[in-house]
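Visitor: I'd like to ask you about the structure that follows.
Computed from the coordinates by the stated procedures, all read-outs in this text should not be read as laboratory data. In this text the structure is predicted, and so the values were computed from the model without any measurement. Note: ideal-geometry Cβ built from the backbone for every residue, glycine included; neighbour counts use all protein chains shown.
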Amino acid sequence: MAAIGALLLTAGCTTDPETGQKRMSKAGIGAIAGTLGGYLMGDIIGGSNDRTAKIVGAGLGGLAGAGIGHYMDEQEKKLRQQTAGTGVDVVRQGDELLLNMPSGVTFDTNSSTVKPEFQSTLDQVASTLSQYNQTFIDVYGHTDSTGNDAINVPLSQNRAQSVANYLTLRGVQSARIGTQGFAATRPIASNDTPDGRQANRRVEIKIVPIKQEDVQG
């Protein structure tokens with residue numbers, strides 16, 4: 001969480017005069033794109049074309065034009081309200097959102113079971129994701145560099161899947177959701193310090209608007 005905040009401050013932000021929320025400026029986006037590893041700028045897991053049939057089958061339509069930005073504005077506002085004070089960061093870039101959830105507030109050490117005390121937060125997130133259902137959702141699991149891939153790869157995958165399963169149980173359509181575990185390959189801070197390793201142990205939820213071209217094949 002601290003690492004994401006520091007990156008945003010360093011890169012440069014602009015402030016929304018209506019909400020008071022800080023957002024990345026265009027210069028800031030360019031400055032931190034490499035550091036974020038494309039979490040916000042890349043395509044969804046598997047590519048949107050691979051999910052078209054599922055999305056159409058689920059009866060979900062696509063967004064167009066200026067409606068996309070407004071739709072994501074409203075969703076961002078609600079998610080910020082729901083996660084305030086929970087340790088979850090909501091990062092906005094363009095029309096995409098990233099929820100950064102440190103493992104310290106979501107999972108016990110070496111566990112992939114969502115902590116009971118965090119379930120109420122995920123309930124609120126799931127409620128918003130269900131309400132704003134014209135989005136793709138990717139859940140990413142990450143670890144620090146301690147241990148080895150035999151431990152970190154399945155742990156990161158299982159944590160991502162646990163969050164995805166929880167969202168599905170709370171009404172988010174599975175057709176919208178993808179999961180992937182990255183183990184220690186996408187750090188956002190140095191693994192040489194305890195604070196850095198703590199920042200790297202996280203689960204992220206990436207939210208991308210479904211556009212009309214995504215559902216037209």
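Visitor: Rounded to the nearest 0.05, what FRET efficiency do N148 and D108 give with R0 = 22 Å and r taken as the Cβ-Cβ distance? Could you check?
Guide: Taking R0 as 22 Å, the efficiency between N148 and D108 is 0.65.
Visitor: Which net charge results when you count Lys and Arg as +1 and Asp and Glu as -1 among the other residues whose beta-carbon is under 15 Å from that of Y132?
Guide: Overall, the nearby charge balance is +3.
Visitor: Still on this structure, I have one more. Please give the net charge around R201, taking every other residue with its beta carbon less than 10 angstrom from that of R201, where Lys and Arg add +1 and Asp and Glu add -1.
Guide: The answer is +2.
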